[in-house]
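*Asks:* Below you'll find the structure I mean.
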Amino acid sequence: MMPEQYRRKDLLSIRDLSPGEILFLLDMTDSFREVNEREIKKVPSLRGKTVVNLFFEPSTRTRTSFEIAGKRLSADVINIAASVSSAQKGETLRDTARNIEAMSTDVVVVRHSASGAPAYLAGELNCGVVNAGDGCHEHPTQALLDLYTIREHKKEFDGLRVSIVGDIARSRVARSNIIALSKLGAEVMICGPRTMLPAEAESLGARVSTRVEEAIEWSDVLMTLRIQLEREAGAAFPSAREYAATFGINRKRLEGAKRDLLIMHPGPINRGVELSPDVADGPFSVILEQVEYGVACRMGILYLLAGQREEVDGGPETGGSPDGPAEARPESTEVRDAVAH
Amino acid sequence: MPLLIKGARVIDSAVGVDDVLDILIEDGRIARLAKDIDPGGVGAPDGVDVLDATGLIAAPGFIDMHVHLREPGEKFKEDIESGTRAAAAGGFTAIACMANTDPVNDTSSITERIMKRARESAVCWVYPIGAVSEGLKGEHITEMADQKGAGCVAFSDDGMPVRTAQLMRSALEYSGMLGIPILDHAEDLSLSSGRVMNEGAMATALGLGANPTASEDICVFRDIRLARLTGSPLHILHITSAGAVELVRQAKREGAPVTCEATPHHFTLTDAAIVGFNSAAKMAPPLRSEADRQALLAGLKDGTIDAIASDHAPHYVADLQVEFDAVPFGVVGLETAVPLAIEVLVHGGVLTLAEMIAKFTEGPARILNLPGGTLKEGAPGDVTLLNLERQYEVIPERFESRGRNTPFAGRKLRGCAAATVVRGRIVMNRIAGEMTINADVEISAGKV
């Protein structure tokens, strides 16, 4: 598998992407990571460009990560915290987004509680749209930063065993990760109580287990998901206590684990529910690395969508040489210049 | 003036006819069905209108027993005029309209208002369906005898299931006394409420709320059990699941007073049509799996499914320009139902032509006790002419309906209605080329 130029207008789902495009986005992350390690963490790549974070669900981590990413590229970043309920009373999602675009916005980063909302907007807008999490559908930038984190430690995806534990049915993080990992040749197991597994779960391309011990013993990487205590207690699981007792990851359960196991979590953690505190902060955990790489990952995506719009308008089939516009490749002079500033 | 339809192959399963015959309609009723009727010999003082239907199929007027006309209250979506024009364009001579208007058709005064508006503006027969419960709230049954007197031919809370088993029991007992069926939108809401598509691999991939077929099966079982308990006629609207088809099949075998209908979209499409969040394919109950679709085809063939109905549900365009979860359920169907039935069922080899026609004529007429559904002498002078080969391209912008919400836009279908005759008047004609609609027909809404 070779990296393959990313020439889409939007980033909506991992399902849309080829393995080569995923690898390309991971390589972009590499290029931008170095910026974040400098004393002066800013490059002028997106000077004069405007990025709007349009969030219809509360989010601290993802919104902040996109905001920092945009600012380190010198873009003007505007945050809009919209609420779905107020939108339903007045302006539609479509009108809100078209108004934002009319102010010459280059990229809209959307989080919405409805699956498919970013894809719907992408069809309505000429500017780039990034899906920052839609309903129970996908969260592609989370999967990309997760894959980048895994690659840093494991180097290869081929044959790697990754299990995802938690509320798979309602998790956009799980869907994007299952698809991305499968595309790159990893084996995936999903694990959770039956009430948290989707119908025809095998159709996602993963093994299915309801025994967390099995997942732990099998895995090279263990991704745990946040349990929606406030929304699902009593419906999808009896109580936080029972979940922690049956599916929580603690030091005792990890006795059967591989010695080089990685433990991941997209945050925010319910300490003592998905992960015991000593495991969350323990030697297997790479949770803070995920957050760190997330900024570089989103820098790469904003750079591609905002910086290269002239070339990518018209979709992946048009424009440029088969390799795409040379200046968009991460090894190209412009990126190196950008990174060297 | 009398109308003489000449040279068509006449198919009427109610009287067992399949032959090239002429049809003479006088005073709005079928006067004669015979070979080579001589227009000069009819004896009409002003002469006879002759419609050359050589090469076409003539069937009893098609009846769509499940339509949402949106009048009163939401005329920006559809009204009785635009809805019945869409019906005529699609080949229907009669439609039954659901009660979920604003206000709800739950009293005789609303029924009378619909009948009056139909007399003023309809181009085909309009048979109102009254609500089972006041305001569709699922609490108290409506004044059914009074509504029947005003013209209601059935009762339904469609859009919603009849909410509780006790309410369903009361409704069946009371309407059964009046000889009128209850039509149920069968879903167990505790399993389906807020769920926007069928449960399965597609819903899992898209992360959309999933409605399992069990929701329908459970409610159909409840309804059949209560139809048996009360002995009153029950009709299951838009059946979609293999399990529910089997429950109805079994109930019929055991003699329960149960009928059911299927829609063209459910027997044509599966939940695969939702790929890419295609909200034009969002309806309730949802498009199901291929196994369920096959069960519908088998149910149509063996008679378990009595009727085909469109569940025509027009929506306002701005209400559709939203994310998938917020798009209202339902699609328009009056203008695509017959082309889909011809292509999928007849050309697809599922049903004979006579069997397909019976699902639009004899079937719904029997369920709703309507006067049409046959061409025997004395029956209403309603005829649907079909051209089995003519291509019909689905172009929503050209619909007579105000609704544009269809998953079939751009489809080129083989076969469509060629002309629609209501009370002996040609209200729709596309035999020669472009379609024309003649609104100059006198409709006395409801039963004649």
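Any read-out appearing in this document is the output of simple, stated calculations on the displayed coordinates, not a laboratory observation. From a predicted model like this one, the values you see are computed outputs, not experimental measurements. Cβ atoms come from the backbone with ideal geometry, glycine included; neighbour counts cover every protein chain shown.
*Asks:* Given a cut-off of under 8 Å on Cα pairs at least six residues apart, what relative contact order in percent is computed for chain B?
*Replies:* It comes to 21 percent, rounded to a whole number.
*Asks:* If you take the Cα Rg of the range A:1-69 and divide it by 2.2 N^0.38 Å, with N the number of residues, what do you get? Don't jump to the answer; show the numbers that get you there.
*Replies:* On the way: Rg = 14.3 Å, N = 69, 2.2 N^0.38 = 11.0 Å.
With N residues counted in the range A:1-69, Rg over 2.2 N^0.38 Å equals 1.30.
*Asks:* From the P(r) of the protein assembly as shown, can you give the percent of Cα pairs sitting at distances over 41 Å?
*Replies:* Roughly 43 percent, once rounded to a whole number.
*Asks:* Compute the FRET efficiency between A:Glu34 and A:Arg251 as 1/(1 + (r/R0)^6), taking r as their Cβ-Cβ distance and R0 = 25 Å, and round to the nearest 0.05.
*Replies:* 0.10
*Asks:* Hey, what's the per residue convex hull volume over the C-alpha atoms of chain A, in cubic angstrom?
*Replies:* In chain A, the Cα convex hull volume per residue is 129 Å³.
*Asks:* Continuing with this model, one more query. Could you calculate the contour length gain from A:Arg194 to A:Arg47, that is, 0.36 nm times the residue separation minus the distance between their Cα atoms, to one decimal place in nm?
*Replies:* Roughly 48.0 nm would be gained on extension.
*Asks:* Any chance you could check the Cα centroid distance between the range B:354-400 and the range B:166-206 for me, in angstrom?
*Replies:* So the separation of the two Cα centres works out to 27 Å.
*Asks:* Give me D for the range A:140-289 in µm² s⁻¹, whole number, from Stokes-Einstein with Rh from the Kirkwood sum over alpha-carbon pairs, 20 °C and 1.002 mPa s.
*Replies:* D, rounded to a whole number, is 143 µm²/s.
*Asks:* What's the FRET efficiency of A:Val291 with B:Glu434 using the Cβ-Cβ distance as r and R₀ = 60 Å, to the nearest 0.05?
*Replies:* Efficiency, rounded to the nearest 0.05: 0.40.
*Asks:* Measure off 7 Å from each Cα along the Cα-to-Cβ vector at B:Val275 and A:Arg207, then give the distance between these two points in nanometres to one decimal.
*Replies:* Going by the 7 Å Cα→Cβ label model, 3.0 nm.
*Asks:* Evaluate the Debye formula for the range A:99-202 with equal point scatterers sitting on the alpha carbons, no solvent, and hand back log10 of I(q)/I(0) at q = 0.17 Å⁻¹, in q order, two decimals.
*Replies:* Reported log10 I(q)/I(0), two decimals: -0.83.
*Asks:* Another question, then. Taking +1 at the Cβ of each Lys and Arg and -1 at the Cβ of each Asp and Glu, which of B:Val132, B:Val332, B:Ile308 sits farthest along the dipole of the protein assembly as shown towards its positive end, judged by Cα position relative to the Cα centre?
*Replies:* My answer, from the dipole projection, is B:Val132.
*Asks:* Can you compute 3J(HN,Hα) from phi for each residue in the range B:253-262, using the Karplus curve 6.51 cos²θ - 1.76 cosθ + 1.60 with θ = phi - 60°, rounded to whole Hz and x for Gly and Pro?
*Replies:* Each residue of the range B:253-262 in turn: 4, 8, x, 6, x, 10, 10, 7, 10, 10 Hz.
*Asks:* Here's a follow-up. Are there GluC sites (Glu not before Pro) in the range B:379-443 that DSSP puts in a loop and that have at most 13 other Cβ atoms within 10 Å, and which ones?
*Replies:* B:Glu434, B:Glu442
*Asks:* Take each of the peptides B:87-93, B:130-136, B:13-19, B:229-235, average the number of other beta-carbon atoms within 10 Å over its residues, and list them starting from the highest.
*Replies:* Highest mean packing first, the order is B:87-93, B:130-136, B:229-235, B:13-19.
*Asks:* With +1 on each Lys and Arg Cβ and -1 on each Asp and Glu Cβ, and nothing else charged, work out how big the dipole of the range B:197-348 is about its Cα centre, in Debye to the nearest 20.
*Replies:* Here the size comes out at about 460 debye.
*Asks:* Take the Cα of B:Glu139, step 7 Å along the line toward its Cβ, and report every residue of the range B:92-122 whose backbone nitrogen sits under 11 Å from that point.
*Replies:* In the range B:92-122, the label zone of B:Glu139 (backbone N under 11 Å from the point 7 Å along Cα→Cβ) covers no residue.
*Asks:* Let me ask you something else. Would you mind getting me the FRET efficiency between B:Arg163 and B:Glu397? Use the beta-carbon distance for r and R0 = 41 Å, nearest 0.05.
*Replies:* 0.60
*Asks:* Okay, moving on. Nothing charged except the Cβ atoms of Lys and Arg (+1) and of Asp and Glu (-1): what's the magnitude of the dipole of the range B:163-214 about its Cα centre? Round to the nearest 20 debye.
*Replies:* 80
*Asks:* OK, next. For chain A, set up a GNM with springs between Cα atoms under 10 Å and report which of A:Pro198, A:Pro19, A:Pro266 has the largest fluctuation.
*Replies:* Between A:Pro198, A:Pro19, A:Pro266, it is A:Pro198 that shows the largest mean-square fluctuation.
*Asks:* If you build the Cα gyration tensor of the range B:121-214 and take the root of 5 times each eigenvalue, what three semi-axes come out, in whole angstrom, biggest first?
*Replies:* They are 31, 17, 10 Å, listed from largest to smallest.
*Asks:* In whole angstrom, and with the biggest value first, how far do the Cα coordinates of the range B:364-437 range along each principal axis?
*Replies:* Sorted from largest, the Cα extents of the range B:364-437 read 40, 29, 22 Å.
*Asks:* Using DSSP to define loop residues, name the trypsin sites (Lys or Arg not before Pro) in the range A:111-168 whose beta-carbon has at most 14 other beta-carbon atoms within 10 Å.
*Replies:* Of the trypsin sites (Lys or Arg not before Pro), the ones in loops of the range A:111-168 whose Cβ has at most 14 other Cβ atoms within 10 Å are A:Lys155.
*Asks:* Quick one: plug the Kirkwood hydrodynamic radius of chain B (C-alpha pairs) into Stokes-Einstein at 4 °C, 1.567 mPa s, and report D in µm²/s. Please list the in-between numbers first.
*Replies:* On the way: Rh = 21.7 Å.
Rounded to a whole number, D works out at 60 µm²/s.
*Asks:* Multiplying the sequence separation of A:Glu242 and A:Arg61 by 0.36 nm and subtracting their Cα-Cα distance, what value in nm do you get?
*Replies:* 62.4 nm
*Asks:* Here's another thing I want to ask about it. Which of B:Asp22, B:Asp46, B:Asp106 ends up with the largest GNM mean-square fluctuation for chain B, with Cα atoms connected below 10 Å?
*Replies:* Result: B:Asp46 has the largest fluctuation of those listed.
*Asks:* Could you tell me which of rounded, prolate or oblate describes the range B:1-83, using a ≥ b ≥ c as the square roots of the eigenvalues of the alpha-carbon gyration tensor, with rounded for a/c under 1.5 and, failing that, prolate when a/b is larger than b/c and oblate otherwise?
*Replies:* On the way: a/c = 3.04, a/b = 1.84, b/c = 1.65.
Prolate, because a/c is 1.5 or more and a/b exceeds b/c.
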